Amino acid sequence: MAGLTYLDKIKAIQPDDLSGVWATTDTLKPLAADGKGRMFDGRYRSGVSLQNYEFDTGEKIARYKNGYVDLPIQTAIVPNYNGVTSFTDIFSPALASAFSPSTTTTKFSINIWMKIDTPTWNDGAFRRAISLGSPTDHVFIRKLNTLNDIQVVLLAGGVPSFTGAIDLGGKTDWIMLTLTVDLDAGSMSFFADTVLKQTVGGLGTWGTSLVTLWNEIGAITGAANPFNGNQQFV
């Protein structure tokens, strides 16, 4: 895959199973284009700024159950979330039809590159990196209100499942977070920079479709628990 961009290489991994890729090469707001090209475009909301960034993809691309692919440093357009009002709304009826954990998408993974600074790690606030689902069935990755900690929460069929507080050491460079979920097996695993941090079992049964206000990068239900920092290639 020499000569391809990072986005090209993401799309080349299990392309039939890739639902969408957001925060990729956008230059005009408010469109948050789906880099997969399936027209699951989102919208930047309330103060997201787009910045040119030398984005270190030299770590890995996440790949469900099949290892990882090394990639070089590249320049990318990177969204910055202001920690107050900004988020990216990725809900669409088309995405809800294609990504359906209650029926066809019972195995899925979420991958995020994020970058936050020391004051944000120390600010004592909950901050959502991403949320997917509905009020009764959802999954989200969040920075906790405790120092340097990340957590995954999944609610399925009224059954809540949590990782413990995962200490990321206050890393201020880019870090890749990966969540793999297998609803059939009732388990999820969380990785940071390809290192397995925790596996949780006993997941419930996901019973509803994605709905508006619950599918956002950088927040949940319209800028609640707003993310503060950069995210890319979600």
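The values are calculated or read from the model by the stated rules, or taken from the named source; none is laboratory data. Small disclaimer: the values here were computed from a predicted structure and weren't measured. Note that each Cβ is placed from the backbone with ideal geometry, even for glycine, and that neighbours are counted across all protein chains shown.
One residue stands out among those in segment 93-123 that are touching a Ser or Thr at 6+ places or on another chain (Cβ under 9 Å) and among the aliphatic types (A, V, I, L, M): the one that is nearest to residue 217 (Cα to Cα), which is 112. Among the residues of segment 201-234, those that are on the phi < 0 side of the Ramachandran plot, modelled with pLDDT of 90 or more and in a strand (DSSP E or B) comprise 201, 216, 228.
Among the residues making up segment 190-213, those that are of a type in the set (Ser, Thr, Tyr) and under 26 Å from residue 40 (Cα atoms) are 205, 208, 209, 212. Among the residues of segment 209-222, the one identified as crowded, with 20+ Cβ neighbours inside 10 Å and either free of Cβ contacts under 8 Å to residues at least 40 places away in the same chain or more than 11 Å from residue 140 (Cα to Cα) (or both) is 210. When residues in segment 178-199 are screened for being out of contact with any Phe, Trp or Tyr (no Cβ under 7 Å at 6 or more places or on another chain) and in a strand (DSSP E or B), 10 of them pass. Of all residues assigned to segment 100-118, at least one qualifies as being more than 15 Å from the chain's Cα centre (by Cα), exposed (fewer than 15 other Cβ atoms within 10 Å of the Cβ), more than 17 Å from residue 132 (Cα to Cα) and at pLDDT 85 or above. Taking segment 151-171 as the region of interest, how many residues are buried (at least 17 other Cβ atoms within 10 Å of the Cβ) and under 19 Å from residue 233 (Cα atoms)? Residues meeting the conditions: 1.
Scanning segment 172-186 for residues that are over 17 Å from residue 220 (Cβ atoms) and either touching a residue at least 24 places away in the same chain (Cβ under 8 Å) or buried (at least 16 other Cβ atoms within 10 Å of the Cβ) (or both) gives 172, 173, 174, 175, 176, 178, 180, 181, 182, 183, 184, 186. Residues that are buried (at least 16 other Cβ atoms within 10 Å of the Cβ), touching a Ser or Thr at 6+ places or on another chain (Cβ under 6 Å) and either at pLDDT 95 or above or under 24 Å from residue 96 (Cα atoms) (or both) occur at least once in segment 124-135. Across segment 137-185, which residue is farthest from the chain's Cα centre (by Cα) among those that are hydroxyl-bearing (Ser, Thr, Tyr) and within 12 Å of residue 121 (Cβ to Cβ)? Here the residue is 146.
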